1. When N counts the residues of the stretch 1-111, how does its alpha-carbon radius of gyration compare numerically with 2.2 N^0.38 Å, as a ratio?
2. Under a straight-distance cross-link criterion of Cα-Cα below 29 Å, which lysines are reachable from Lys138, leaving out those fewer than 8 residues away in the same chain?
3. Between Pro185, Met33, Tyr140, whose Cα lies farthest towards the positive end of the dipole of the chain when Lys and Arg beta carbons carry +1 and Asp and Glu beta carbons carry -1, centred on the Cα centre?
4. Could you size up the charge dipole of the stretch 92-209 around its Cα centre, putting +1 on the beta carbon of Lys and Arg and -1 on that of Asp and Glu, and report it in debye to the nearest 20?
5. For the chain, what is one quarter of the convex hull surface built on the Cα atoms, given in nm²?
6. What relative contact order, as a whole-number percentage, does the stretch 1-94 give when Cα pairs under 8 Å and 6 or more residues apart are counted?
7. Could you pull out every one of the aspartates and glutamates with an alpha carbon less than 19 Å from that of Lys177, ignoring same-chain neighbours closer than 8 positions?
8. Residue by residue through the stretch 135-152, which ³J(HN,Hα) values in whole Hz follow from phi under the Karplus form 6.51 cos²θ - 1.76 cosθ + 1.60 (θ = phi - 60°), with glycine and proline marked x?
Amino acid sequence: GFSASFDKIGSVVADVNIETPSIDPIAIGIPSMVGISITQAKFAESTPEYPNRFQLNITNGFIDTLYMTMTFNNIFNHAIYEGVDYLTDALVVPMTIEPGQTLNEIIDISDKFLAYGVNSEQPVDSIEIAYEVDIPSKKYTIDVVNDSINIGMPSINSIEVTNLRLEYIAAVSDSLKFPEISSPPIEGIPDGFSGFELYDIMMEIVFFN
């Protein structure tokens, strides 16, 4: 004899079309001094104390391969021409994550530039990171596990920034306030002698930091 019982579903074929939502860029603030705005900065070489890195941990909970692109809107590559650095394109990091896998990505920004734009003199006060997630729209076969269907979504678990060190900065200042320093009158300066008069006194100010 032969009998069959069709009381459980083994898999489901489904058309999946997920519209990727618009995502605001992530902004990481840059410390600055009152009255001084950074217009450009170059990140120094990586050291154990200052790795100059971003560390990302991303899990793909979806049933298919996840394609993700992370764009650092104001961190730029550069080219050297006749000894001068010229900014080129923004740093773009493509990533591919298999289903059910977690990616630990390290992004090195050593020897790259922070700026508002390639030829911009506008101040920059943060590192701006935009990211795009691509989930292909197509027909999927979804297995039933323990009598349930589960379609997970990708998630960014963490974005960590190591210590950052700058090789140099270019900045503009609109107002710098210095403490008042008392200066008693200088006495004993000769007022000239026959046929000569003293007009100018040269002063030197040294900025230590």
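1. Taking N as the residue count of the stretch 1-111, the ratio is 1.76.
2. Lys8
3. So the residue we want is Tyr140.
4. Numbers: 5 positive and 20 negative charges, 125 e Å.
So the dipole magnitude of the stretch 92-209 works out to roughly 600 debye.
5. Numbers: hull surface 92.4 nm².
Seen from a random direction, the Cα hull of the chain projects 23.1 nm² on average.
6. On the way: 47 pairs, mean separation 14.2, N = 94.
Relative CO of the stretch 1-94 lands at 15 percent.
7. Reachable aspartates and glutamates: Glu204.
8. 10, x, 8, 6, 8, 10, 9, 10, 6, 8, 10, 6, 6, 9, 10, 10, 10, x
The values are calculated or read from the model by the stated rules, or taken from the named source; none is laboratory data. If you're wondering where the values come from, they're calculated on a predicted model, not measured in any experiment. Counting neighbours? That spans all protein chains shown, and the Cβs are built from the backbone with ideal geometry, glycine included. When the accessible area is computed, the model is the full protein with side chains, heavy atoms only, and any ligands, DNA or RNA have been set aside. Shrake-Rupley method; radii C 1.70, N 1.55, O 1.52, S 1.80 Å.
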